[in-house]
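K.L.:
One structure coming up, written as structure tokens, with questions to follow.
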Amino acid sequence: MPETRPVDPDTDEIVGDDDVAPATSARVITREMVLMLVVPPVLVAIVFGIFVWWRQTAELDSVEAQQLRWSELRSLGWEHVQLTVVAALIVVAIAVPLGILLTRGKFRAASPVVIGIANAGQAAPSVGLIVLLFLWLDGGFWTAIWALSLYGILPVLRNTIVGIQGIDPTLVEAGRGLGMTSAMTLVKVELPLAVPVIMSGVRTALVLIAGTASLACFIDAGGLGEVLQTGITLFRFSLMVTGAVLIALIALLIEWLGRVLELATRPKGI
Amino acid sequence: MTQTDQAASGDISGAELRLENVVKKYPGQKTPAVESLSLTIPAGEIVAFVGPSGCGKTTSLKMINRLIEPTSGTILIDGEDIRKDSATSLRRKIGYVIQGGSLFPHMSVASNIAVVPKMLGWDGKRITKRVDELLDLVGLDPDRYRDRYPRELSGGQQQRVGVARGLAADPPVILMDEPFGAVDPITRQRLQDELISIQRELRKTIVCVTHDIDEAIKLGDRILILQEGANIAQYDTPDAILAAPANDFVHDFVGAGSSLKQLSLARVRSLELIHPTTAKIGEDTGPAVRRAEQAGDDTIVVLDDRDRPVAWPWLRQVRSHGKVQGEPRENLVTLDQAATLNDALDTMLTAAHSKVIVTGDRDKYLGVLDFETVTEHMRKTEREAQDHA
């Protein structure tokens with residue numbers, strides 16, 4: 001390095017100030033993050049490959065063959081994804097605005113109560129929740145959706161509140177001090193800074209919902225739970241394993257999707 | 001002294017600020033945080049609010065931009081009641097600089113600075129131009145820094161951007177809340193120098209809250225020393241406060257060493273500078289070295305195309321290149337002409353080089369101050385003081 005300031009000719013010691021800029025880039029992608037992004041899809045592809053190979057070569061009786069038709073699996077898988085995604089969208093649409101509201105002014109006092117209710121909703125056994133709603137609303141896709149949404153609200157609601165409350169209050173005051181209205185402070189400062197925390201709540205909700213969606217078959221709302229259920233009632237080991245493996249693969253893929261979303265929505269600079 | 005020699009450059013762009021019987025009482029509190037503060041801050045001056053913690057200095061500051069609403073009393077900017085307009089539009093007309101810069105981490109340097117101009121509806125071109133202008137003013141190269149994010153900046157650079165953000169819409173009044181509290185001492189001194197240099201050019205009305213009496217003496221045209229309940233202990237120029245503390249509280253607060261503190265009143269610009277050999281970046285080395293040898297210098301001050309010092313190599317270092325080489329400007333420790341003799345001694349000590357480069361407006365090179373000149377000045381002041389006594 002060429003010497004840039006007066007140096008002591010004997011020791012060649014450069015004298016300077018301690019105010020050196022950190023040499024980091026705006027977006028941090030650690031090795032761990034790369035692994036988390038690459039490993040799950042690869043794993044899913046390998047396991048799915050093994051399943052396809054088994055499915056093509058195994059000798060199945062007529063019940064198994066009926067249930068494991070590709071067209072049948074495809075439509076059940078698609079139902080499962082629909083249940084998960086629609087429920088997650090409803091969760092976000094309800095929990096994020098509600099969470100924001102609970103960090104504003106006089107509503108702040110209500111936030112422990114609402115969190116308490118959401119906690120209770122989550123603590124209730126998911127089967128119970130689904131069956132309760134079934135008794136009330138009858139079966140079908142939308143009943144399952146409501147049950148799943150109710151079940152997935154807590155993580156998103158809690159993370160929205162925590163995410164917004166966790167922002168350095170001097171930044172909010174800086175926004176106000178520069179002349180932002182409360183709405184502008186929310187949209188330009190608070191929400192962008194809370195996005196990483198909110199999105200990690202969304203990912204948790206997605207995984208919860210994807211797992212719980214396997215119970216939707218009990219109220220006639222489809223999903224991959226059906227393969228598992230048929231396997232249990234007819235005691236077909238191959239069906240049970242198939243159902244379990246496919247549900248796990250979908251959950252893994254959805255968790256991975258959540259991670260991608262988390263990374264993609266993270267504002268630059270934080 | 002401070003007032004007259006700051007009047008040298010720049011027209012006043014600040015506005016007069018007046019507080020009349022301002023009271024702040026929080027509900028449930030027995031004694032008001034601010035009992036009754038009346039104060040006039042002349043346009044174009046820096047007033048430092050100092051006092052022990054909890055004396056109400058920050059509360060007083062925040063009432064000026066209505067982050068805290070006074071319980072009673074009036075605050076006038078340029079003769080106009082600040083309650084005439086909405087709080088948000090008032091705040092867009094008052095610069096606000098906070099400790100550590102408080103930059104929004106998810107916005108680039110340029111967007112941080114552009115926050116207020118954007119709210120005021122400036123067009124894109126004007127904002128871009130203004131951002132570059134301000135970055136230049138606070139000593140950051142626009143091309144290098146405008147697209148960076150706060151986390152890519154050092155503490156001092158963040159604070160500089162914070163100052164630029166406060167100045168963005170060219171407000172007549174600027175409020176600073178412990179602006180340089182979060183950086184190391186050397187950086188703090190440079191930032192103070194830069195603020196004084198910027199103020200020389202802009203002549204804003206600046207209210208600066210600090211707990212550091214040395215910072216107040218250095219920055220303030222006037223100092224407001226507050227006691228509990230924001231009662232004024234003394235409001236005067238630094239010279240007057242040091243020479244005649246109004247009461248025991250002020251005397252204790254200013255400190256026992258206040259005769260030594262006179263050192264922080266004397267500014268580098270009042271001393272004679274020496275003028276060693278200089279060279280421009282890109283100049284041939286030969287003639288430059290010859291000039292230096294003739295003058296008997298063993299170093300050369302290298303200036304860039306805007307006459308800003310960029311490097312200060314030894315002759316042997318210069319000789320090893322065909323052309324005079326420059327370096328990133330921020331690597332060179334320099335001193336603003338408004339720096340105090342205290343700062344000058346500090347800088348010389350850390351530079352292991354009993355001289356320091358002195359710069360003026362926009363970092364323009366003025367000359368070099370050496371240790372002998374400073375000690376000579378100190379001896380002279382001491383003699384005068386003795387003669388006086």
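The values are calculated or read from the model by the stated rules, or taken from the named source; none is laboratory data. Given the structure is predicted, the values throughout are model-derived calculations rather than measurements. As a convention, Cβ positions derive from the backbone with ideal geometry for all residues, glycine included, and neighbour counts pool all protein chains shown.
K.L.:
Among the residues of the range B:105-148, which ones are free of Cβ contacts under 8 Å to residues at least 12 places away in the same chain, more than 22 Å from B:S197 (Cα to Cα), in a helix (DSSP H, G or I) and not basic (K, R)?
P.N.:
Hits for the range B:105-148 are B:S111, B:G124, B:D143.
K.L.:
Then there is this: Does the range B:264-282 contain any residue that is within 14 Å of another protein chain (Cβ to nearest Cβ) and of a type in the set (S, T, N, Q)?
P.N.:
We begin by selecting, within the range B:264-282, every residue within 14 Å of another protein chain (Cβ to nearest Cβ); these are B:276, B:281.
Among the residues that remain, those that are also of a type in the set (S, T, N, Q) are: none.
No; the residues of the range B:264-282 include none that is within 14 Å of another protein chain (Cβ to nearest Cβ) and of a type in the set (S, T, N, Q).
K.L.:
Whether any residue in the range B:30-38 is assigned to a strand (DSSP E or B) and within 14 Å of chain A (Cβ to nearest Cβ) is what I want to check.
P.N.:
Of the residues in the range B:30-38, the ones assigned to a strand (DSSP E or B) are B:34-38.
Applying the additional criterion that residues be within 14 Å of chain A (Cβ to nearest Cβ) yields none.
Within the range B:30-38, not a single residue is assigned to a strand (DSSP E or B) and within 14 Å of chain A (Cβ to nearest Cβ).
K.L.:
Related question: Given the residues B:R165, B:R151, B:R160, which is the only one that is within 7 Å of chain A (Cβ to nearest Cβ), closer than 22 Å to B:F180 by Cβ and in contact (Cβ under 8 Å) with a residue 12 or more places away in the chain?
P.N.:
Values: B:R165 fails: within 7 Å of chain A (Cβ to nearest Cβ); B:R160 fails: within 7 Å of chain A (Cβ to nearest Cβ).
The conditions single out B:R151.
K.L.:
Out of (1) loosely packed, with under 15 Cβ neighbours inside 10 Å; (2) closer than 24 Å to B:L195 by Cα, what's the single condition that is false for B:S102?
P.N.:
All conditions pass for B:S102, except number (1).
K.L.:
Checking A:T103 against (1) under 16 Å from A:S214 (Cα atoms); (2) surrounded by 13 or more Cβ atoms within 10 Å (Cβ to Cβ); (3) not aliphatic (A, V, I, L, M), only one condition comes out false. Which one?
P.N.:
Here A:T103 meets the rest and fails (1).
K.L.:
Can you tell which of A:L193, A:L178, A:L154 is surrounded by 19 or more Cβ atoms within 10 Å (Cβ to Cβ) and away from every other protein chain (no Cβ under 13 Å)? Step through it out loud before you land on a result.
P.N.:
On the way: A:L193 fails: away from every other protein chain (no Cβ under 13 Å); A:L178 fails: away from every other protein chain (no Cβ under 13 Å).
Only one candidate qualifies: A:L154.
K.L.:
Output yes when any residue across the range A:51-66 is among the acidic types (D, E), out of contact with any helix residue (DSSP H, G or I) (no Cβ under 7 Å at 6 or more places or on another chain) and in a helix (DSSP H, G or I), and no when none is. Working first, answer last.
P.N.:
Taking the range A:51-66 and keeping what is among the acidic types (D, E), we get A:59, A:61, A:64.
Narrowing the set further to residues that are out of contact with any helix residue (DSSP H, G or I) (no Cβ under 7 Å at 6 or more places or on another chain) leaves A:59, A:61.
Checking the rest, the ones that are also in a helix (DSSP H, G or I) come to none.
Looking for residues that are among the acidic types (D, E), out of contact with any helix residue (DSSP H, G or I) (no Cβ under 7 Å at 6 or more places or on another chain) and in a helix (DSSP H, G or I), one finds none in the range A:51-66, hence no.
K.L.:
Look at the range B:187-242 and say how many of its residues are among the aliphatic types (A, V, I, L, M), surrounded by fewer than 24 Cβ atoms within 10 Å (Cβ to Cβ) and free of Cβ contacts under 8 Å to residues at least 60 places away in the same chain.
P.N.:
Adding up the residues that qualify gives 3.
K.L.:
Give me the residue from the range B:81-104 that is under 19 Å from B:V209 (Cβ atoms) and free of Cβ contacts under 8 Å to residues at least 60 places away in the same chain and, out of that set, nearest to the chain's Cα centre (by Cα).
P.N.:
For the range B:81-104, the residue satisfying everything is B:R91.
K.L.:
Of all residues in the range B:182-206, how many are more than 14 Å from chain A (Cβ to nearest Cβ), closer than 16 Å to B:V268 by Cα and either of a type in the set (D, E, K, R) or not in a helix (DSSP H, G or I) (or both)?
P.N.:
Start the filter on the range B:182-206 by keeping residues that are more than 14 Å from chain A (Cβ to nearest Cβ), which leaves B:195-206.
If we keep only those that are closer than 16 Å to B:V268 by Cα as well, we get B:195-197, B:200.
Checking the rest, the ones that are also either of a type in the set (D, E, K, R) or not in a helix (DSSP H, G or I) (or both) come to B:200.
Going through the range B:182-206 one residue at a time, the tally reaches 1.
K.L.:
Please verify whether B:S60 is in a helix (DSSP H, G or I) and either more than 14 Å from chain A (Cβ to nearest Cβ) or of a type in the set (F, W, Y) (or both), treating the condition exactly as stated. Explain how you work it out, then say what you get.
P.N.:
Working: in a helix (DSSP H, G or I): yes; either more than 14 Å from chain A (Cβ to nearest Cβ) or of a type in the set (F, W, Y) (or both): yes.
Spelling it out, B:S60 is indeed in a helix (DSSP H, G or I) and either more than 14 Å from chain A (Cβ to nearest Cβ) or of a type in the set (F, W, Y) (or both).
K.L.:
Looking at B:V333, B:V301, which is the one that is within 11 Å of chain A (Cβ to nearest Cβ) and at pLDDT below 85? Working first, answer last.
P.N.:
On the way: B:V301 fails: at pLDDT below 85.
Going through B:V333, B:V301 in turn, the sole match is B:V333.
K.L.:
Within the range B:103-145, how many residues are closer than 18 Å to A:P267 by Cβ and touching an Asp or Glu at 6+ places or on another chain (Cβ under 8 Å)?
P.N.:
Looking only at the range B:103-145, we keep the residues that are closer than 18 Å to A:P267 by Cβ, and these are B:103-115, B:118.
From the residues that got through so far, the ones that are touching an Asp or Glu at 6+ places or on another chain (Cβ under 8 Å) too are B:108-110.
Looking only at that region, the number is 3.
K.L.:
If I ask for residues that are farther than 29 Å from A:M33 by Cβ and part of a helix (DSSP H, G or I), which ones from the range A:172-198 would you list?
P.N.:
The first filter runs over the range A:172-198 and keeps only residues farther than 29 Å from A:M33 by Cβ, leaving A:173-185.
The answer is A:E173, A:A174, A:G175, A:R176, A:G177, A:S182, A:A183, A:M184, A:T185.
K.L.:
Of the residues B:S72, B:S86, B:S13, which is within 14 Å of chain A (Cβ to nearest Cβ), over 14 Å from B:A230 (Cα atoms), surrounded by fewer than 21 Cβ atoms within 10 Å (Cβ to Cβ) and among the polar types (S, T, N, Q)?
P.N.:
On the way: B:S72 fails: within 14 Å of chain A (Cβ to nearest Cβ); B:S13 fails: within 14 Å of chain A (Cβ to nearest Cβ).
So the residue among B:S72, B:S86, B:S13 that is within 14 Å of chain A (Cβ to nearest Cβ), over 14 Å from B:A230 (Cα atoms), surrounded by fewer than 21 Cβ atoms within 10 Å (Cβ to Cβ) and among the polar types (S, T, N, Q) is B:S86.
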